[in-house]
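The values are calculated or read from the model by the stated rules, or taken from the named source; none is laboratory data. Worth saying up front: this structure is predicted, and the values here are computed from it rather than measured. A quick note on method: Cβ atoms are made from the backbone with ideal geometry, for glycine too, and the neighbour counts reach across all protein chains shown.
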Amino acid sequence: MKVTIFGTGYVGLVTGACLAEMGNHVVCVDVDASKVARLERGEMPIYEPGLEPIVRRNHAAGQLAFTTEAAPAIAHGQLIFIAVGTPPDEDGSADLRYVLEVARTIGRHLDRYTVVVNKSTVPVGTADRVRQAIAAELAAREVQVEFDVVSNPEFLKEGDAVADCLRPDRIIIGSTSTRAVELLRKLYAPFNRNHERIVVMDERSAELTKYAANAMLATKISFMNEIANIAERVGADVELVRQGIGADPRIGYHFIYPGVGYGGSCFPKDVQALERTARDAGYQPRLLAAVEAVNCDQKDKLFELIERHFAGALQGRTIALWGLAFKPNTDDMREAPSRRLMERLWQAGARVRAYDPQAREETRRIYGDRPDLVLCDGAYAALDGADALAIVTEWKAFRSPDFARIRAALSNPVIFDGRNLYDPATVEEAGIAYYGIGRGRTL
Ligand code: NAD
């Protein structure tokens, strides 16, 4: 099938590559000319495991093209996906300016029946607004062209995006148009072979499903962080509690890890946007507000532990950070807990030596060159001249470190383990003080 995708970010590029891999002809459009030029040269603008070979192979085979030109791309696609960003607006609502700009662009060029598929995460009612934006442009051109707008939210996880896209848990198709649903069923048939994954529903339910999924996941994290905060006040170990509750299949072991709070481009903005949607509809969302408040405080957790350990005297100290990305297997730094930690350390007069397997360039892009940040090219290099070590992202490479080497390198051997990667007894036996999240009495 012929597919056009607006936006070559985490969602658009991965979707385009996976659809091309299944034999479709995909054209990806982006307004960012430098991104398009890099993709044309076979360079990935983002780090996502397994993405590069699929993009290169399909680009070389002529199945996947990149362009900044909207008109020929719109002429190409029977299905046109919108996969552009929906960042938070000042009031927490989703900023739809990019989505609606794409809708207007489509309306300016559409000349035959097309299905416009919205993959961006957008508030309930956006399919109507996209439809109106396209219709207004068609009316201005005084042409009549049939089209459908479908809500097809994306559930891929950064760091696992290619695998998620090739083997989705579910494919939500939000539309009441039989014609549009049939086309999407055909497009997704290769991803739907061994069992039924497609759930068809109305647009509004599809739009809300995406927010509900992210809000539920964010709730699980904030819930466990709340339990961790109770655990450390009452002398319990949240890691044992986690295993104890996870054994109940109604709860399960997934996604109940306490830590330094959730980040990334999705959970923070989507929880806020859902809160906004609820308020606009006349409902006060108590749970969502609490999920966000707990997360906001949790992002200060490591800093507070570090500050307390050094009795507030952080001026001139050097803290080593292992992990900068908001989670492992990505270079994404959006809303990453490491950012809050580094910014608070700098405010307190401390220096940071940091190592992340992928997010170094992104960190440099955000913070530039500054004397109180050294981006190191190895985990142990980050310890040189450092007083203490903080674990911020749970990359696999940090799971079994050489504790003797850590002890020897740190002037004040202490680990602040923001991801509960280590057994406190093992660390302490190695002669290193240990602080985790919710592990026994630290308050
Ligand atoms: P992103 O910021 O990585 O990429 C968005 C891309 O859209 C950018 O390359 C930008 O240049 C491009 N763009 C903006 N305006 C454009 C226009 N008019 N025409 C063409 N391209 C344009 O965003 P992302 O992380 O891929 O997220 C996209 C959407 O998908 C968001 O709504 C997000 O909430 C949602 N989503 C993201 C994830 C994720 O893990 N990142 C998962 C599921 C859903």
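General observations
- Residue in region 315-331 that is without any contact (Cβ under 8 Å) to a residue 40 or more places away in the chain, under 23 Å from the mean Cα position of the chain (by Cα) and surrounded by fewer than 23 Cβ atoms within 10 Å (Cβ to Cβ) present: no
- Test: residue in region 257-276 that is more than 17 Å from T209 (Cβ to Cβ), touching a Gly at 6+ places or on another chain (Cβ under 7 Å) and aliphatic (A, V, I, L, M): yes
- Y10 being under 22 Å from V130 (Cβ atoms), of a type in the set (S, T, Y) and either under 26 Å from the mean Cα position of the chain (by Cα) or within 9 Å of the ligand (Cβ to nearest atom) (or both): yes
- W346 vs. criteria more than 16 Å from the chain's Cα centre (by Cα) and either without any contact (Cβ under 8 Å) to a residue 12 or more places away in the chain or under 29 Å from E292 (Cα atoms) (or both): yes
- Within region 59-71, not a single residue is away from the ligand (no atom under 14 Å from the Cβ), under 25 Å from D331 (Cα atoms) and within 24 Å of the chain's Cα centre (by Cα).
- Qualifying residue in region 96-110 (condition: more than 14 Å from the ligand (Cβ to nearest atom) and either surrounded by fewer than 24 Cβ atoms within 10 Å (Cβ to Cβ) or assigned to a helix (DSSP H, G or I) (or both)): yes
- Filter result (within 12 Å of the ligand (Cβ to nearest atom) and either farther than 16 Å from G9 by Cβ or charged (D, E, K, R) (or both)) within region 74-87: I74, I80
- Being within 11 Å of the ligand (Cβ to nearest atom) and closer than 21 Å to V116 by Cβ is not true of I46.
- Flag if L19 is more than 9 Å from the ligand (Cβ to nearest atom), in contact (Cβ under 8 Å) with a residue 60 or more places away in the chain and buried (at least 18 other Cβ atoms within 10 Å of the Cβ): yes
- The single residue among E158, E146 that is over 24 Å from the mean Cα position of the chain (by Cα) and over 17 Å from A71 (Cα atoms) turns out to be E146.
- For region 130-177, the candidate set comprises residues that are among the small types (G, A, S) and assigned to a loop (DSSP other than H, G, I, E, B); within that set, the residue that is nearest to the ligand (Cβ to nearest atom) is G159.
The rows are residues; the columns are (1) within 16 Å of the ligand (Cβ to nearest atom); (2) surrounded by fewer than 18 Cβ atoms within 10 Å (Cβ to Cβ).
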residue	(1), (2)
S222	no, no
N229	no, no
V238	no, no
A247	no, yes
H254	no, yes
G261	no, no
R276	yes, no
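- Conditions (1) free of Cβ contacts under 8 Å to residues at least 40 places away in the same chain; (2) under 24 Å from the mean Cα position of the chain (by Cα); number of the one not met by Y283: (2)
- Answer residue from region 178-220, given it is of a type in the set (G, A, S) and surrounded by fewer than 16 Cβ atoms within 10 Å (Cβ to Cβ) and is farthest from the ligand (Cβ to nearest atom) among those: A189
- Matching entry among A73, A65, A17 (being among the small types (G, A, S), under 30 Å from P268 (Cβ atoms) and in the same structural domain as R179 (by TED's automatic domain parsing)): A17
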